[in-house]
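Report on one structure; see the data block that follows.
The values are calculated or read from the model by the stated rules, or taken from the named source; none is laboratory data. Quick caveat: nothing in here was measured; it's all calculated off a predicted structure. All Cβ positions, even for glycine, are placed from backbone atoms using ideal geometry, and neighbour counts span all protein chains on display. Keep in mind that these areas ignore ligands, DNA and RNA; they rest on the heavy atoms of the full protein, side chains included. Shrake-Rupley method; radii C 1.70, N 1.55, O 1.52, S 1.80 Å.
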Amino acid sequence: MELSIMLCFFTSILFIVLFRIFIKSFVSKRHDLPLPPGSMGWPYIGETFQLYSQDPNVFFASKIKRYGSMFKSHILGCPCVMISSPEAAKFVLNKAQLFKPTFPASKERMLGKQAIFFHQGEYHANLRRLVLRTFMPVAIRNIVPDIESIAEDSLKSMEGRLITTFLEMKTFTFNVALLSIFGKDEIHYREQLKQCYYTLEKGYNSMPINLPGTLFHKAMKARKELAQILAQIISSRREKKEEYKDLLGSFMDEKSGLSDEQIADNVIGVIFAARDTTASVLTWIVKYLGENISVLESVIEEQESILKSKEENGEEKGLNWEDTKKMVITSRVIQETLRVASILSFTFREAVEDVEYQGYLIPKGWKVLPLFRNIHHSPNNFKDPEKFDPSRFEVIIEQELFIMHYYLP
């Protein structure tokens, strides 16, 4: 009996020793892997100025031509690996256990550390559920008339004056974002929130140098003021003790378990995610429709057909959710605009551990940037990629628009 126990003990010790040697060998082998080819630029600054002093797509194209579809760089104070193949993008975006959503330190400090973008696990899942609940069709259908009203007011404000389309679209999308977050109460806080947020967003791509006069310093000051306004709104709602169906109402629900700081960080995060990207898409839609008259005519015909049908059926002229489901051609135009314009050239993920991919090491803590535009404009993925052709979405295609991963972190 004693012999059996000793044998078992000896076997266990032997297994532990062998296992430790195996793990040590495995870890050593991983650390022996080379980093992807590329250059890191200047200390701390890296290649940030090279990226933002020109068209970013020129920067990426020159790197891909020199180093291939996977290369290293140093952007906004972060060492990073950039990837430009669909396979690599899928690997990074679908491996949540290896790569977590993240942003450079400057954006993380401006948006707030409790924002959905910087977390994983149960907290992330809870926030995602709350955000999706607010933007699901069953919720959106109730505010479609209000969105139409904002659109009509925006168009009226443009009459008789020279406009910059992108700036007008930014104002429009900001107002719609506030409607989704604060409901009809947004009209009371619109100007205050707008003034602070506009200052904040100017610092998003700045170096995190918090010295008076820098964009980052001004942005952080505006961030503090924005948080104070949100605190006032939250306090006012608690005093009224009313039930709200908007995003802020979902965040404030006792079942959500969110603190005021978490609520504020995620409200700012949603505005960030909804504003510039959506405004850019709308601006590019205007541009592409203006350049492709036949497509414009098809969209107008579809919209007029929906209006005519409503009149014939004795329905109100106002837009509703059911109308949007009939906009097949319009939907294809939006999809093709997302592909051709590729509003987000890239997004950020962070390796949560050392990762081996295609014989290279992606070190723990490094940022990984899938380059969406290069994927969407590759002839290997789309025929005649530079051509604006909404008809390519008439059939289901295997390629997915990787940009959509950004909107739902």
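Among (1) out of contact with any Pro (no Cβ under 7 Å at 6 or more places or on another chain); (2) surrounded by 14 or more Cβ atoms within 10 Å (Cβ to Cβ), where does Pro101 come up short?
With respect to (1) out of contact with any Pro (no Cβ under 7 Å at 6 or more places or on another chain); (2) surrounded by 14 or more Cβ atoms within 10 Å (Cβ to Cβ), Pro101 is out only on (1).
For the structure I just gave you, tell me whether Thr324 is in a helix (DSSP H, G or I), modelled with pLDDT under 90, among the β-branched types (Val, Ile, Thr) and in contact with a Ser or Thr (Cβ under 9 Å, 6 or more places away or on another chain).
yes
Just to be sure before I move on: is Gly269 on the phi > 0 side of the Ramachandran plot, assigned by the TED database to the domain that holds Phe182 and touching a residue at least 40 places away in the same chain (Cβ under 8 Å) in the structure I sent?
no
When you look at Phe402, is it open to solvent by less than 40 Å² (accessible area, probe 1.4 Å), modelled with pLDDT under 85 and of a type in the set (Phe, Trp, Tyr), yes or no?
Yes: the conditions hold for Phe402.
Every residue in segment 335-347 that is assigned to a loop (DSSP other than H, G, I, E, B) and open to solvent by less than 10 Å² (accessible area, probe 1.4 Å), please.
The answer is Ser342, Thr347.
Residue check, Phe49 against (1) surrounded by 19 or more Cβ atoms within 10 Å (Cβ to Cβ); (2) more than 30 Å from Phe251 (Cβ to Cβ); (3) modelled with pLDDT under 85; (4) out of contact with any helix residue (DSSP H, G or I) (no Cβ under 7 Å at 6 or more places or on another chain), all met but one. Which one?
(1) is the only condition that Phe49 fails.
Residue check, Ile16 against (1) modelled with pLDDT under 80; (2) farther than 30 Å from Ile268 by Cα; (3) crowded, with 19+ Cβ neighbours inside 10 Å, all met but one. Which one?
(3)
Determine the pairs where a residue that is under 11 Å from Ser294 (Cβ atoms), located within segment 387-398, has a partner that is modelled with pLDDT under 85 and hydrophobic (A, V, I, L, M, F, W, C) with Cβ atoms under 6 Å apart, the partner being 6 or more residues away or on another chain.
none
Could you please find all residues in segment 49-70 being under 22 Å from Arg109 (Cα atoms) and within 20 Å of the chain's Cα centre (by Cα)?
Leu51, Tyr52 - these are the residues of segment 49-70 that are under 22 Å from Arg109 (Cα atoms) and within 20 Å of the chain's Cα centre (by Cα).
Would you confirm whether any residue within segment 194-207 is more than 27 Å from Arg133 (Cα to Cα), aliphatic (A, V, I, L, M) and loosely packed, with under 15 Cβ neighbours inside 10 Å?
no
Can you tell me which residues in segment 151-178 are under 17 Å from Thr277 (Cα atoms) and among the aliphatic types (A, V, I, L, M)?
Passing the criteria: Leu167, Met169, Val176, Ala177, Leu178.
Would you mind telling me which numbered condition in (1) surrounded by fewer than 17 Cβ atoms within 10 Å (Cβ to Cβ); (2) without any contact (Cβ under 8 Å) to a residue 24 or more places away in the chain Arg141 fails?
Among (1) surrounded by fewer than 17 Cβ atoms within 10 Å (Cβ to Cβ); (2) without any contact (Cβ under 8 Å) to a residue 24 or more places away in the chain, the lone unmet condition for Arg141 is (2).
Which helices (runs of 4 or more DSSP H) sit wholly inside segment 59-175 and have at least 2 residues that are under 17 Å from Thr347 (Cα atoms) and not small (Gly, Ala, Ser)?
Those helices (runs of 4 or more DSSP H) span 86-94, 105-111.
Can you name every residue in segment 255-273 that is outside any loop (DSSP other than H, G, I, E, B) and either of a type in the set (Gly, Ala, Ser) or in contact with a His (Cβ under 7 Å, 6 or more places away or on another chain) (or both)?
Listed by number, the residues that qualify are Ser256, Ala264, Gly269, Ala273.
Residue under question is Glu148, and the condition is that it be under 23 Å from the mean Cα position of the chain (by Cα) and among the charged types (D, E, K, R); does it hold?
no
Considering each residue of segment 348-361, count those that are in contact with a strand residue (DSSP E or B) (Cβ under 6 Å, 6 or more places away or on another chain) and open to solvent by 30 Å² or more (accessible area, probe 1.4 Å), and give that number.
Qualifying residue count, segment 348-361: 2.
Anything in segment 71-94 that is farther than 25 Å from Ser206 by Cβ and either over 22 Å from the mean Cα position of the chain (by Cα) or open to solvent by 40 Å² or more (accessible area, probe 1.4 Å) (or both)? List them, or say none.
Across segment 71-94, the qualifying residues are Glu87, Lys90, Phe91, Asn94.
Residue check, Met220 against (1) over 30 Å from Lys317 (Cβ atoms); (2) over 22 Å from the mean Cα position of the chain (by Cα); (3) surrounded by 14 or more Cβ atoms within 10 Å (Cβ to Cβ); (4) at pLDDT 90 or above, all met but one. Which one?
It is condition (2) that Met220 fails.
In segment 116-130, which residue that is within 21 Å of Gly183 (Cβ to Cβ) and open to solvent by less than 30 Å² (accessible area, probe 1.4 Å) is modelled with the lowest pLDDT?
Ile116
How about segment 256-313: which of its residues are open to solvent by 20 Å² or more (accessible area, probe 1.4 Å) and of a type in the set (D, E, K, R)?
Correct list: Asp260, Glu261, Asp276, Lys287, Glu291, Glu297, Glu301, Glu302, Glu304, Lys308, Glu311, Glu312.
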